[in-house]
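Values in this text are rule-based calculations from the coordinates and carry no lab data. Being a predicted model, the structure only gives us computed values, none of them experimental. Cβ sites come from the backbone with ideal geometry, for glycine too, and all protein chains shown count toward neighbours.
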Amino acid sequence: MGKSDSGDNNDHNGDSNIIRVCEKGMYVDVWGGKLWIDVLSATLEYGLAPMSWTDYLYLSVGGTLSNAGISGQTFNHGPQITNVYELDVVTGKGELVTCSEDRNSELFHSVLGGLGQFGIITRARIALEPAPHRVCVRWIRVLYSNFARFCKDQEYLISLHGKAARERFDYVEGFVIVDEGLINNWRSSFFAASNPVKITSLNADGGVLYCLEITKNYDQGNADSVDEEIQALLKKLNFIPTSVFTTDLPYVDFLDRVHKAELKLKSKGLWDVPHPWLNLFVPKSRIEDFDKGVFKGILGNKTSGPILIYPMNKNKWDHRSSVVTPEEDVFYLVAFLRSALDTETLEYLTNQNRQILRFCHDSEIKVKQYLPHYTTQQEWMDHFGDKWTQFNARKMQFDPRRILGTGQQIFQFHPSLTPNKDDM
Ligand SMILES: Cc1cc2nc3c(=O)[nH]c(=O)nc-3n(C[C@H](O)[C@H](O)[C@H](O)COP(=O)(O)OP(=O)(O)OC[C@H]3O[C@@H](n4cnc5c(N)ncnc54)[C@H](O)[C@@H]3O)c2cc1C
C-alpha cells in the first residue's frame with residue numbers, strides 16, 4: 001500500500017505510490033493506476049472511505065472512472081464518476097491538465113466514462129464519507145418467484161435514495177437464478193450446503209427465481225436498533241416469506257467479497273478463462289419484456305455464471321459525462337458475467353449474447369451497453385446516439401491524432417492527421 005498523509009496538499013509530484021487523504025476536505029488524491037482496494041485501506045486509516053464502489057476492488061481508479069464504476073451503492077450515491085472532484089489528465093496532445101467542474105470542465109466531463117479516448121487519468125480526487133471503525137454489514141438475500149414483484153420492490157428500495165441511513169438500505173443489487181447449481185455454488189457461503197435452495201420447490205415463475213440482495217451498515221454497538229430498522233424495511237417487501245438468508249461480516253470483507261470468490265476460482269484454475277461478458281442498461285419500461293424474452297426465453301436453464309440485475313436512478317448520473325444510459329428516470333443494469341471453460345461453451349455463450357442483442361433490437365428495447373464492445377464506427381455512432389457529435393468533437397479537441405484507446409475501435413489512428421496549429 002502507498003504512503004498516505006493528511007492535510008490539504010496540492011503537491012502532485014508524480015509519485016505513483018502516494019495516496020493523500022485530506023480529512024478536512026473529505027477527499028483522497030490517488031494515482032490513476034492505484035487499485036480501489038488500496039484506496040480503501042489508506043482511507044480507512046482515517047475512518048473515511050469512498051461512497052461508491054464496484055463489486056470487485058482489484059480494479060484501477062483510472063480504469064473504472066473511464067467507464068462509470070457501478071455497484072449496489074449507485075442508486076444512492078451515483079456511479080464512481082459522480083463522486084470525483086478533480087482529475088489530472090495527460091491528453092492525447094501530451095498536455096498535463098488539471099480539470100474539475102470549474103476548471104477545464106470540458107476535459108473533466110469528457111474523461112469521465114470516456115473509455116480512455118481523451119487522456120490518461122494520472123490523478124483523481126475522490127469524495128469520502130465517514131466509515132466508522134467498527135462498522136459491520138448485515139447482508140441479506142431474499143427470493144422471489146414473481147418478476148413483477150421483484151422489480152417493484154427493487155424500484156421501491158432505490159426510491160429511498162437520499163433518505164436518512166436508518167430509512168433505507170446501503171446497497172441494493174439482485175441476481176437471476178435459472179439453475180440451481182449456480183445459486184448453491186456461487187459465493188456459496190450464503191446458502192448452506194445442508195439446506196440447498198431448490199428452484200422447483202419454490203414455485204418459480206417460468207423456472208426462474210430472482211434474488212434481491214441488500215445490505216445495511218451498522219456499528220457493532222448498535223446491533224439491536226439495526227434489527228428494528230431492517231425489519232421495518234423488510235415488512236414493506238413482497239418476497240417469499242421463508243426465503244430470508246442473512247449473514248453479518250466486517251465492512252471491508254463485504255466490499256472485498258468478490259476477491260474471496262476470485263481466490264477460490266483461481267485455486268481451481270477457473271479464473272483465468274475467457275469471460276464473454278455482456279452488460280446492458282435496460283430501461284425500466286421494458287424490463288418485463290426483457291425478462292420474458294431473455295431470462296425465461298433465450299437463456300435456457302444453464303447460465304455458466306452470475307447474472308446480476310439491479311436498478312439505478314438516472315438523476316444520480318451527470319449527463320455531461322461521456323457515458324450513455326437509457327432515456328428513462330430508472331434503468332436496470334443486467335450483467336451476464338459468464339465464464340467459458342472450453343471453446344464450445346465460448347461459442348455457445350457468444351452466440352447467446354448476440355441473440356440477446358438481436359432480441360432487444362427486434363423488440364425495440366432501447367438498451368445501452370455498459371463496458372461496450374463494438375467493431376465498427378457505425379455501431380459506436382448508434383451506441384452514443386445524440387451524444388456522438390459531442391464525443392467526436394471532444395476526440396478532435398483532446399486527441400486529434402487518435403493515438404489513445406485504439407483497441408476500442410471507435411476511431412482509427414491516423415498518422416497523417418497532424419494536430420491543428422490552434423490545438424497545440
Ligand atoms: C473481475 C471484474 C469485476 C468487475 N466488476 C465491475 C463492477 O462491479 N462495476 C463496474 O462498474 N465495473 C466492473 N468491472 C469492469 C471495470 O470497471 C473495467 O473493466 C475497468 O476498465 C477496469 O479497470 P482496469 O484497471 O482493469 O482497466 P484496464 O483493463 O487496464 O483498462 C480498461 C479501459 O480503461 C482505460 N483506462 C485504464 N486506465 C486508465 C487511465 N488511468 N486513464 C484513462 N483511461 C484508462 C483503458 O484505456 C481501457 O479503455 C469489472 C471488471 C472485472 C475484470
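If you bin the C-alpha pair distances of segment 135-370 every 10 Å from 0, what whole percents do you get?
7, 30, 37, 23, 4, 0
Using only the alpha-carbon atoms, what does segment 228-304 span along each of its principal axes? Please give whole angstrom values in decreasing order.
Sorted from largest, the Cα extents of segment 228-304 read 43, 38, 24 Å.
When the Cα atoms of the chain are enclosed in a convex hull and the volume is divided per residue, what value in Å³ results? Write out the running numbers ahead of the final one.
Working: hull volume 64.7 nm³, N = 424.
With only Cα atoms used, the chain gives 152 Å³ per residue.
Taking the Cβ of Ile309 as the centre, find all other residues whose Cβ is under 11 Å away and add up their charges (Lys, Arg: +1; Asp, Glu: -1). If you can, show how the numbers build up before the last one.
Details: positive: none; negative: Glu173, Glu213, Asp291.
Local net charge: -3.
Hey, with R₀ at 45 Å, roughly what FRET efficiency would Leu263 and Gln390 work out to, going by the Cβ-Cβ distance, to 0.05?
Working: r = 42 Å, r/R0 = 0.94.
The calculated FRET efficiency here is 0.60.
Which stretch or stretches of segment 227-256 have amide N atoms under 19 Å from the point lying 7 Å from Arg166's Cα along the Cα→Cβ direction?
Flagged as within label range: 227-236.
If the viscosity is 0.692 mPa s and the temperature 37 °C, what Stokes-Einstein diffusion coefficient in µm²/s follows for segment 281-350 when Rh is the Kirkwood radius over Cα pairs?
Working: Rh = 13.8 Å.
Calculated translational D: 237 µm²/s.
Using just the Cα positions, wrap segment 286-424 in a convex hull and report its mean projected area in square nanometres, one decimal place.
Working: hull surface 42.6 nm².
Average projection, Cα convex hull of segment 286-424: 10.6 nm².
On a full-extension model of 0.36 nm per residue, what is the gain between Asp342 and His361, subtracting their alpha-carbon distance, rounded to one decimal in nm?
Numbers: separation 19, 0.36 × 19 = 6.84 nm, distance 2.88 nm.
Between Asp342 and His361, full extension yields 4.0 nm more.
Can you give me the distance in nm between label points at Thr350 and Gln378, each placed 7 Å from the Cα along the Cα-to-Cβ direction?
2.1 nm
Taking +1 at the Cβ of each Lys and Arg and -1 at the Cβ of each Asp and Glu, which of Gln154, Ile140, Ile120 sits farthest along the dipole of segment 117-171 towards its positive end, judged by Cα position relative to the Cα centre?
Ile140
With the radius of gyration and the Kirkwood radius both derived from the Cα set of segment 4-130, what is their ratio Rg to Rh? The partial results should precede the final answer.
On the way: Rg = 13.3 Å, Rh = 14.3 Å.
Using only Cα positions, Rg/Rh for segment 4-130 is 0.93.
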